[in-house]
Amino acid sequence: MENPNITPPVDTNRIIEERRAKLAEMRGEGVAFPNDFSRLHLAEVLAAEHENKDAKELVEKIIAVSVAGRIMLKRVMGKACFATIQDMSGRIQLYVSVDDVGAKTLEAFKHYDIGDIVGAQGGLFKTQKGELTVRVSTIRLLTKSLRPLPEKFHGLTDQEIKYRQRYVDLIMNEDTRLVFVQRARIIQAIRDFLINRRYYEAETPMMQPIPGGASARPFVTHHNALDMQLYLRIAPELYLKRLVVGGFEKVFEINRNFRNEGMSTRHNPEFTMLEFYAAYTNHQYLMEFVEQILRKAAQAANGTEQITYQGRPLDLSKPFARLTIVDAIKKYRPDIGDDVLNDRASIIAKLNEMKIPFHEKDGLGGLQLTLFENTVESELWDPTYIIDYPAEVSPLARRSDKNPEITERFELFICGREIANGFSELNDPEDQAERFMEQVRQKDAGDHEAMHYDADYIRALEYGLPPCGGAGIGIDRVVMMLTDSPSIRDVILFPQMRPE
């Protein structure tokens, strides 16, 4: 005896064949994919304007509407049918009856499939259950859906398919659509915040002859007409600072960066960054400014600065904490004392003991940073600035006047991951040239992520870069945080995937 609780498998190929047969019939009758229907109303707007009106008022006012969308639900009866369509704003119900559309149109509608896209005109009314509904007077099939949507009660739940077939994920999952609506609001709020403070929005090259502005491995491409090697940019920094030299004293860009690195829940090889620069400011200004940006983004996404991420509370309204690398290690790893942290041989022994890889030629500051990244970074849940980065790992940052071994640089960590990086910009062309040369020496020694020497950037600095501060904020990670998304793939519409 068969188990009645087991759902029989769906024969997708058979369904597609049946739908193709319907499409072939449509082609025989005329234009199969018409493009002359004008939608005048959205479901969300109609609900907002008329949801609170009673049934009698709707009938008396005779409110004519023209709607269009994808059929998500359909209930077929004898002389009438109900259907729910989904447009970009939400859903609205249709009522199609023989009295309103005629027997031929009703019969045709009964053969429409879930997933088909229709256009309908009619008047608003409310059902006995109080649901706002369009009493259809005319309806047309605008696009035939050949592939069946996932089963309505389970939706699209396979994460791999969600990322590969985002178009189906967006159709089926309201939560997914909301994430990307929030993402758009976050980016718009950040853009408005900067423009309202007289920042100029720029667009800098995506393909660069020299990759610069960060330590990362670039993607390489080739320009056929010029017969030259180019790199997809790893950061827009050096071009934006060229603009500051040129007189755009407050400038920003929100755009893609590309880094040829591994993928994880926090890393995608193509990602979105905000970078901004302001003359006559420094890292202290930047830290306050970044806090304001994130609060504005939180308000745009959720209407509050107190949020929950993966079940844990997070408060962006309070001043962000500030710790040096050494102080952070001592706070979160009290078992590691000054005797280890301040002695190169001892810290190497500790890294070896913990099986943490490191660069053999790193100085004390670089080794401290490696220990921090591997033992403390993931513990920084509440917003925390790590400050005073070693000069040896900060080739573009201004040295501290009090201690030339460290720079006026910070990184912001929230929820155990880096969110932002900023510093007082190095505007001494001779110091910058020497630091570029040190990067070249590291590259020659086998460090694929070390920077190139950029002679044109040095030339720009020689014209004079005013005292300046600049920062970068990872937009994808901010969106993850503000939409409670566990993976970066959840907030990128089309994340990079392995081939099917």
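The values are calculated or read from the model by the stated rules, or taken from the named source; none is laboratory data. Just so it is clear, the structure is predicted and the values come from calculations on it, not from any experiment. Cβ: placed from backbone, ideal geometry, glycine included. Neighbour counts: every protein chain shown. In case anyone asks, the SASA skips ligands and DNA or RNA and just uses the protein heavy atoms, side chains included. Shrake-Rupley method; radii C 1.70, N 1.55, O 1.52, S 1.80 Å.
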In region 161-177, the residues that are free of Cβ contacts under 8 Å to residues at least 40 places away in the same chain and either under 30 Å from MET437 (Cα atoms) or open to solvent by 60 Å² or more (accessible area, probe 1.4 Å) (or both)
ILE161, GLN165, TYR167, GLU174, ASP175, ARG177
Under 8 Å by Cβ, and 6 or more places apart or on different chains, what pairs join a residue from region 67-96 that is touching a residue at least 24 places away in the same chain (Cβ under 8 Å) and farther than 16 Å from GLN128 by Cα with one that is among the hydroxyl-bearing types (Ser, Thr, Tyr) and assigned to a strand (DSSP E or B)?
ILE71/THR84; MET72/THR84; LEU73/THR84; LYS74/THR84; LYS79/SER97; ARG91/THR84
Can you find a residue that is open to solvent by less than 20 Å² (accessible area, probe 1.4 Å), at pLDDT below 95, within 26 Å of VAL491 (Cα to Cα) and among the hydrophobic types (A, V, I, L, M, F, W, C) anywhere in region 210-217?
yes
Candidate set: region 403-443, residues that are open to solvent by less than 10 Å² (accessible area, probe 1.4 Å) and among the aliphatic types (A, V, I, L, M); chosen: the one nearest to LYS241 (Cα to Cα)
LEU426
Across region 434-475, what is the number of residues that are aliphatic (A, V, I, L, M) and within 18 Å of VAL393 (Cβ to Cβ)?
6
Restricting the search to region 88-121, which residues are within 27 Å of GLU60 (Cα to Cα), in contact with a helix residue (DSSP H, G or I) (Cβ under 7 Å, 6 or more places away or on another chain) and of a type outside the set (Ser, Thr, Tyr)?
GLY90, ARG91, ILE92, VAL96, VAL98, LEU106
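Sort out for me the helices (runs of 4 or more DSSP H) sitting completely within region 325-402 that have 3 or more residues that are open to solvent by less than 30 Å² (accessible area, probe 1.4 Å) and in contact with a strand residue (DSSP E or B) (Cβ under 7 Å, 6 or more places away or on another chain).
On the way: elements: 325-332, 338-341, 344-353, 364-375.
Filter on region 325-402 gives 364-375.
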Restricting region 57-80 to residues that are open to solvent by 90 Å² or more (accessible area, probe 1.4 Å) and out of contact with any Lys or Arg (no Cβ under 9 Å at 6 or more places or on another chain), which is farthest from THR143 (Cα to Cα)?
GLU60
Quick one: is ARG295 free of Cβ contacts under 8 Å to residues at least 24 places away in the same chain and basic (Lys, Arg)?
yes
Going through ARG185, ARG198 one at a time, which residue ends up being more than 30 Å from PRO499 (Cβ to Cβ), open to solvent by 70 Å² or more (accessible area, probe 1.4 Å), in contact (Cβ under 8 Å) with a residue 40 or more places away in the chain and within 18 Å of the chain's Cα centre (by Cα)?
ARG185
Inside region 298-323, the number of residues satisfying the requirement of being in contact (Cβ under 8 Å) with a residue 24 or more places away in the chain, among the small types (Gly, Ala, Ser) and surrounded by fewer than 18 Cβ atoms within 10 Å (Cβ to Cβ) is 1
Those residues that are within 23 Å of the chain's Cα centre (by Cα) and crowded, with 17+ Cβ neighbours inside 10 Å, I need them from region 280-295; list them, please.
LEU286, MET287, PHE289, VAL290, GLU291, ILE293, LEU294
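Among the β-branched types (Val, Ile, Thr) and closer than 23 Å to ASP175 by Cα: which single residue out of ILE92, ILE62, ILE139 fits that description?
Working: ILE62 fails: closer than 23 Å to ASP175 by Cα; ILE139 fails: closer than 23 Å to ASP175 by Cα.
Just a single option satisfies the conditions, and that option is ILE92.
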I'd like to verify a number: residues in region 235-261 that are open to solvent by less than 30 Å² (accessible area, probe 1.4 Å) and modelled with pLDDT under 95, how many?
0
Since HIS41 meets every condition but one in (1) open to solvent by 80 Å² or more (accessible area, probe 1.4 Å); (2) under 17 Å from GLY119 (Cβ atoms), which condition does it not meet?
(1)
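Among the residues of region 262-279, which ones are open to solvent by less than 20 Å² (accessible area, probe 1.4 Å) and farther than 22 Å from GLY464 by Cα? I'd like the intermediate steps shown before the answer.
Keep residues of region 262-279 that are open to solvent by less than 20 Å² (accessible area, probe 1.4 Å), which gives 268-269, 272, 274-279.
Listed by number, the residues that qualify are ASN268, PRO269, THR272, LEU274.
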Candidates ASP99, ASP116 - the one that is farther than 19 Å from GLY130 by Cβ and free of Cβ contacts under 8 Å to residues at least 40 places away in the same chain
ASP99
Criterion (open to solvent by less than 30 Å² (accessible area, probe 1.4 Å), of a type in the set (Val, Ile, Thr) and part of a strand (DSSP E or B)) met by exactly one of ILE473, ILE458, ILE492:
ILE473
